[in-house]
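Peer 1: First the structure, which I've put down as structure tokens, then a few questions once you've had a look.
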Amino acid sequence: LEKSKLTTSGSGESYTVNDSAKVVCGNVKTANATVYIIDSVLMPTS
């Protein structure tokens, strides 16, 4: 996202990223990362 900062908010089972994208599935372990799947595409500001 071109060095822009991400913000997260929420608690329990309900989290959002940048006040718009909802976390659909979180804490997915891979070989070298933990992945959080969101319901929209995050784009850099122009």
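Rule-based calculations on the coordinates, nothing more; no lab input. Everything numeric here is computed off the predicted structure, so don't read it as measured data. FYI the Cβ positions are ideal-geometry reconstructions off the backbone, even for glycines, and counts take in every protein chain you see.
Peer 1: For the chain, what is the per residue volume of the convex hull drawn over the alpha-carbon atoms, in cubic angstrom?
Peer 2: 90
Peer 1: Which net charge results when you count Lys and Arg as +1 and Asp and Glu as -1 among the other residues whose beta-carbon is under 15 Å from that of CYS25?
Peer 2: 0
Peer 1: Scan around TYR15 for amide H atoms under 5 Å from its own, H built in the peptide plane at 1.01 Å from N, and keep only partners 5 or more places away or cross-chain.
Peer 2: For TYR15, the qualifying residues are VAL23.
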